[in-house]
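Report on the structure given below.
Where a number appears in this text, it was derived from the coordinates with a stated rule and is not lab data. In this text, all values refer to a predicted model and were calculated from it rather than measured experimentally. Note that we place each Cβ from the backbone using ideal geometry, even for glycine, and neighbour counts take in every protein chain shown.
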Amino acid sequence: MSLITTLARLEAVSTGRARPAATVRHRHLSERPLVFVPLTTAGEAGAPLGALVGTDRDAPRLLAVPQPRDRDLRFAFLAELADVVLPYIDGCAEAVEAAERSETDPETGKRVKVEVELCADAPQLIVPSRAGVDLVRLLGRSTRFRRTAEQDPEAPFPAPPRVPLLGRWLTHFGERARVPGSSLLPAMTDLLSRHWATGQSSLEDQHLGALLAWIDPPPGRSGAEAAREAELARDADGQLRCPPAGPATDPAFDNRLLAPAIERYDRARTALAAAQDGLEADERLGALTAAEQEIRKLVESRTRPTWDAVWRGLDLLRALPEGARVEERWTRDRWSFTGHRDRVLAGEPPQPRRDDAVTAANKLATREREQARLEAQEALDDPLVMAGRRLSGEAFAGEVTDVVMAYSESKRPSPRPLVTVRTDDRPHLGARTRVYRSLGGKPQAAEFIGYEDEDETDGHQTDGHGRDCAEEGPAGEGPAGEGLSGKGPAAGGLLVLRIMDKMGRGKEPEAGSVPEKGDRLCFTLFEHEPRGGAKLPDPEETPWTHGGPPGAEAATPEAADPVTEEDVL
Amino acid sequence: MDKATLAGALGSPSVFGQSQFAFVRGNAFEAKVKADGGTELLRLVHEKLDRSAEPPAAARVPDLSAAGHAGRAARTELALGEAVLAPGEWTLLDHPLLALDVAGSPAFLEPDAVVVHPDGRWTVVEIKSFPLLDGSADPAKVGAAARQAAVYVLALEEVAARLATAPDAPGEAPRVRHRILLVCPKDFSNLPTASAVDVRKQRAVTARQLARLTRIEHIADALPEGICFAPELPREQLTASVESVPASYAPECLSACELAFHCRDRSRAQDAVTTLGRPVRAELGGLTTVEDVLAAARGELGDPGDPTVAALRRAAALRAEALAGAEAPTGAQALAGVPGTAPAEVAPCL
């Protein structure tokens, strides 16, 4: 956490309200997201208890498993979930636009452009918290290897038809959620805490109710009070007024409400099975339905507040203007979505349990590259993030005080103007350090030449800066600013930069490509479009150090999990 | 002392509790693992930890029941001593009770099981109901299990040392293995699978922490006369009693201590920056209260030569500049200009 964020948190403590941690929205929000609020049963590895799911905030679809230990009921839940999720995904998969992708031509080995389809939009699945993201991944893992009756008529306990497909999609969402900056499967707590700094620790920010209480407290109350109430307040029954965002439920709810309801359901089911004649069965079926309804109501009572909270969070986030480079990152999500759509259509087997060496290395490289890209893009989109980078010496902003035309010493001299910038920032600059500024959305590179002596420049001496420098420059650092060029003082001052590119081909730089005196610019020490590492080999060329090329066992699709009597999923 | 009741009486009830579903499932799984005299459990110990030993065909499962905690602990010690005297045999101790000295008062610990190998060495077995999915489990839960097992290892080492100094000791002290066996359900089934976990690091950390703990008598000595923590006392009196014991709250307490919400309220009332997390406290050096930090950032307090203060002022200036430059977020949050923002004149005039 940078000092700027810390300061924002402290301000939040002092004012009793969350403070902005971003001035623009850094994540894409779909026009029509699919919100998923799941609940699980305590003690079972992600056995679903119920969920609210849907794209319409006023009409969520309620799913419930009246007896979570019953395999058939769990499968019914997953089939219902598939009925909601898969049509939503298909809706995005249909509309496509033409795009180009460079591929290696198998015959010539050259990189060529190929026309491909790119889905015009991608689905966005929003869960309340990070634990929800983990549950999506777990559900994906538990269902993608299942066999339906059609695939394998012999298998015991066949899964409903679309469940394995649902598992493959949930797995894809779960994997994509690990890529920094991606928006296919965001957690609401992450989205909100990215954009607001609350007066509590990041640990407490994981509680969606408390987080919202800080960001948008009820009138007349402080965030701290409202957050405490969201965390602890209980009604007369001893139930939390703001139920946890799940998927885990509150133990008091399990013990006092859910367990008796499940027991009643079990009793009604046993009674129905023991019914003697049709009339009796009808009556007992009524009792069973009533017991099931009761559990559905309980599930809804625990998920509905979270459902509303997620939509309220969406409202708050939508009020922020979208960052300029968010669309570009969303396009990457669309590529990822289109890629998986094509793999499913091509009939490829489900994602393996463990990635092979090349896939794993590729995923890791992607995450590292995207992390660097995200950091650079957020800083360029948002002056508040850039302020953090300036504070840490990775960027500086200032006014151009002088521009001197100069040329390179090659046969055809190209323009290499020298620009003097006055800054109060303290960038970590060494000789010939490359710095970048954004010129019409593209990075323009410059080279750091040295510091200029303050006294030699006319004008711009201390108009307004004096006080600031005196206040900020601790003893000993100020005088260093008057040192000779090339010696690195820490207190900023006048920096001379040589502009290196983006000035056109001619001898004279193109209009607008060279900064002018009086311009206010922001240079970064980090690249705007970070490059990834070297290309990794194809799976067929995996080196022996990493297990060698995939053998015959990789060609056969992975077997389903063996089914046992006591499976929890 | 029942800290949960105390927290409730203080008006900041604890949020801990166990769902009966988790409880039932945990017990059912443990019973399954230990069924048939621990055949499955011993097979796992043999397979994961001690392949060179004789496979466990039959094992001794001594009866450890006795009256009271001290009695059960003594019975466990006796059974361990007998097991050491029976080399070449596997012994399974189901729910033994161990005593460990914590800050001068004895604490009783109950591992899920302890296995004595044919070579006389001891292994702690921890049975958990979180799954081992495709060979890996939640690292946070494994870490917690390892820390728990490390305490058992320490307690067993004390027993071993006592056995070695007994009059009829067989010679050197029996060794406690530093690799424990963690038994979990496999994937989505209820079938047990296991993994050996090295707890040397956790053991060292716990041993050091136990040695450093303030003795409980010293804490008691420091308390004023007449302090009482009975939950039926009026809230003010109880609060005063709890106040008399120094506590240093950090957000991590919330996941470990029943009184954490109470301590958090006190910490917030004192305006301590630690409520935002220990790293924040570390970052801010000598400034320990929120108002001090904000005043320092506004330039009203602190020595500008202090690097922390200088950095804070720069941060405040940069933040104010960025927020002023960007349009105030509309909608629910019209926040720019709220008091508490650094005054504008601190902002550099770029």
Inset, instruction - May I ask what percent, to the nearest 5, of DSSP beta bridges between residues of chain B are antiparallel? - result: 75
Inset, instruction - Return a single number: how many Lys pairs in chain A, at a sequence separation of 8 or more or on separate chains, have alpha-carbon atoms below 16 angstrom apart. - result: 4
Inset, instruction - Would you mind giving the mean number of other chain beta-carbons within 10 Å of the Cβ of each residue in A:19-30, as a whole number? - result: 3
Inset, instruction - Using only Cα atoms, tell me the angle between helix B:260-269 and the longest principal axis of chain B; keep it within 0 to 90° and round to the nearest 10. - result: 20
Inset, instruction - Give me the lysines in straight-line cross-link reach of residue B:201: C-alpha distance below 23 Å, same-chain residues under 8 apart excluded. - result: B:48, B:128, B:141
Legend entry - Helix B:307-325 vs. chain B, principal-axis angle (Cα, 0 to 90°, nearest 10): 70
Inset, instruction - Give the cross-link partners of residue B:3 among the aspartates and glutamates, using a straight C-alpha distance below 14 Å as the criterion and excluding same-chain residues fewer than 8 apart. - result: B:232, B:258
Inset, instruction - Return one number: the angle in degrees, 0 to 90 and rounded to the nearest 10, between the long axis of the Cα atoms of helix B:139-165 and the longest principal axis of the Cα atoms of chain B. - result: 50
Legend entry - Mean Cβ neighbour count within 10 Å, used as a protection proxy, ranking A:183-190, B:24-31, B:189-196 highest first: A:183-190, B:189-196, B:24-31
Inset, instruction - For a footprinting-style exposure proxy, rank A:195, B:178 by other Cβ within 10 Å, fewest first. - result: B:178, A:195
Legend entry - Peptide-level mean, for B:308-314, of C-beta atoms on other protein chains within 10 Å: 4
Legend entry - Taking B:48, B:128, A:442 and counting other C-beta atoms within 10 Å, the order from fewest to most: A:442, B:48, B:128
Inset, instruction - Take each complete run of DSSP H in chain A, measure how far its Cα atoms stretch along the helix's own axis, and keep only those covering 30 Å or more with mean Kyte-Doolittle hydropathy at least -0.5; list them. - result: A:71-94
Legend entry - Sequence of A:242, B:253 once ranked by neighbouring C-beta atoms within 10 Å, starting from the fewest: B:253, A:242
Inset, instruction - Using Cα positions and a limit of under 17 Å, work out the aspartates and glutamates in reach of residue B:32, with same-chain residues fewer than 8 apart set aside. - result: A:44, A:565, A:566, A:567, B:40, B:94, B:112, B:126, B:187
